[in-house]
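For reference, the structure is listed below as structure tokens.
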Amino acid sequence: MRTLAVLKTALTGNYAVAHAVRLAKPHVIAAYPITPQTTIVEKLSEFVAKGELKASFVNVESEFSALAVVYGAAMAGARAFTATSSHGLFYMYEMLWWAAGSRAPIVMAVVTRTLGPPWNIHDEHNDILAIRDSGWAVAMASNVQEVLDLTIQAFKLAESAYIPVAVGLDGFVLSHTVESIELPPQEAVDEFLPPRRPDLPLRLRPGEPITMGNIPSDDRLHAEHLKNIYRASQEAKKLVKSIDAEYGKLVGREYGGMVEGFELEGARYAVVCMGAWCGDAKEAVRSLRREGVPVGLMRIRFVRPFPDEEVAELSGMDRVVVFDRDITPAGGILGREVASVLGRDKVVNVLAGLAGVDFKADEFRKAVKHAVEGEYADRVVLL
């Protein structure tokens, strides 16, 4: 591993995103404010105004327009970034599918936030999980350091797989919380993330008119296009692992690829979750281990593409407890996806932390203990 001079500092999660974007040197940034995302684009506008980042900073009138701007920029060969939250993400919804369907290598930060009604600005994962089938790669960071590192990695993934990437961070829990982190030097990021190669499968070029998004002459062409998007998503699984390993060799931090394993060796029970509260879940696992409960944890880093192979490694566990910070009429989203791999009989799905309600390490510990001891009568548990 190379020794590089790093800058130790303290940043909020939102400012960590902004610094990661600055280091990635995008050509185009589109901005529309929404709580709790706003300070990402505010900080980026400051970088541009001070000349610390040479980029076109485009103020738009809506989130739909924000994604439309970076979509057009990415299709013309630019490195492009935007950010949003909650209802803003849903205002983009149509453009999410156009971006994914066009294989546009956009990076977007999604600061997770509860959806209304009633109106609520606090943390929940329903917003980012609602885009999981649009064709975007969808990742979730667990701390501010990973927010920075994952954002930088996302640009490489987007521009290698030709799929857009959403980087999730928990609203307020990470976005507005200050943590000590290390910023890699610009030369290290330049080596890891060289200037974008403008060689999209389909690219807008001045003087070369093309038609995009029109009705195809044969529906089978459209079908094959959709299959190619699926294939690209599956190929992205390999790229996530190799990109993470390459980044780790350069800066000394590696996260495990699609998932992070914690205390899984020798475990009979497993906890599965994603996002910032995984730190609390790890504390619960440590506590249960001290009590003699053989439990480990699998943190989902990329929910799309879904890490089927990694989740399947939990098939030997006696019970798998999946924590969802989201809720649907069918239960928890992660719980159902994990159960699709392992089977429903093995999975207990705990829904907690909804609408921003705090869920602490001791509450994780109690819930896991109840689950492994068979004290929950239902497969979906609301806490």
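The values are calculated or read from the model by the stated rules, or taken from the named source; none is laboratory data. This is a predicted model, so every value here is computed, not measured. Here Cβ is always computed from backbone atoms with ideal geometry, including for glycine, and neighbour counts include all displayed protein chains. Please note that ligands, DNA and RNA were not included when accessible areas were found on the heavy atoms of the full protein model with its side chains. Shrake-Rupley method; radii C 1.70, N 1.55, O 1.52, S 1.80 Å.
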Response to the item:
Residue hits (segment 244-264; over 16 Å from Val368 (Cα atoms), of a type in the set (A, V, I, L, M, F, W, C), out of contact with any Phe, Trp or Tyr (no Cβ under 7 Å at 6 or more places or on another chain) and assigned to a loop (DSSP other than H, G, I, E, B)) are none
Fill in: segment 110-149, subset farther than 12 Å from Asp170 by Cβ and among the small types (Gly, Ala, Ser), residue nearest to the chain's Cα centre (by Cα)
Ala139
Fill in: Counted residues, segment 44-74 - those being open to solvent by 10 Å² or more (accessible area, probe 1.4 Å), in contact with a strand residue (DSSP E or B) (Cβ under 6 Å, 6 or more places away or on another chain) and of a type in the set (Gly, Ala, Ser)
4
Discussion item. I want to confirm something. Restricting to segment 338-360 and keeping residues that are over 22 Å from Gly171 (Cα atoms), out of contact with any helix residue (DSSP H, G or I) (no Cβ under 8 Å at 6 or more places or on another chain) and not polar (S, T, N, Q), which single residue is most open to solvent (accessible area, probe 1.4 Å)?
Written reply: Arg344
Item to complete: Being open to solvent by less than 90 Å² (accessible area, probe 1.4 Å), over 14 Å from Gly135 (Cβ atoms) and hydrophobic (A, V, I, L, M, F, W, C) is the filter here, so list the residues in segment 200-232 that pass it.
Response: Leu200, Leu202, Leu204, Ile210, Met212, Ala223
Worksheet item: When you scan segment 261-314, how many residues do you find that are crowded, with 20+ Cβ neighbours inside 10 Å, more than 21 Å from Gly356 (Cα to Cα) and of a type in the set (Val, Ile, Thr)?
Response: 3
Worksheet item: With (1) free of Cβ contacts under 8 Å to residues at least 24 places away in the same chain; (2) within 22 Å of Ala99 (Cα to Cα) as the list, and Lys50 as the residue in question, which single condition is left unmet?
Response: (2)
Discussion item. Against the condition within 16 Å of Ile152 (Cα to Cα), of a type outside the set (Lys, Arg) and in contact with a strand residue (DSSP E or B) (Cβ under 9 Å, 6 or more places away or on another chain), how does Thr9 come out, does it pass?
Written reply: no
Worksheet item: From the list Ser242, Ser233, Ser217, which residue is on the phi < 0 side of the Ramachandran plot and more than 27 Å from the chain's Cα centre (by Cα)?
Response: Ser217
Worksheet item: Are any residues in segment 1-19 at pLDDT below 90 and surrounded by 14 or more Cβ atoms within 10 Å (Cβ to Cβ), and if so, which ones?
Response: Leu4, Val6
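Rundown of residues vs (1) over 30 Å from Arg231 (Cα atoms); (2) in the same structural domain as Leu115 (by TED's automatic domain parsing); (3) in contact with a strand residue (DSSP E or B) (Cβ under 7 Å, 6 or more places away or on another chain), yes/no style:
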position: Met274; (1), (2), (3): no, no, yes
position: Ala281; (1), (2), (3): yes, no, yes
position: Arg290; (1), (2), (3): yes, no, no
position: Leu297; (1), (2), (3): no, no, yes
position: Glu310; (1), (2), (3): no, no, yes
position: Ser315; (1), (2), (3): no, no, no
position: Arg319; (1), (2), (3): yes, no, yes
position: Leu334; (1), (2), (3): no, no, yes
position: Glu337; (1), (2), (3): no, no, no
Worksheet item: What tally of residues in segment 75-114 results from selecting those that are part of a helix (DSSP H, G or I), at pLDDT 95 or above and open to solvent by less than 10 Å² (accessible area, probe 1.4 Å)?
Response: 6
Fill in: Selected residue [among the hydrophobic types (A, V, I, L, M, F, W, C), touching a helix residue (DSSP H, G or I) at 6+ places or on another chain (Cβ under 9 Å) and closer than 17 Å to Lys241 by Cα] from Ile128, Ile152, Ile181
Ile152
Item to complete: Go through Glu61, Glu46 for me and flag whichever is in a loop (DSSP other than H, G, I, E, B) and of a type in the set (Asp, Glu).
Response: Glu61
Response to the item:
Those strands (runs of 3 or more DSSP E) completely within segment 119-198 that have 3 or more residues that are open to solvent by less than 20 Å² (accessible area, probe 1.4 Å) are 137-140, 165-170
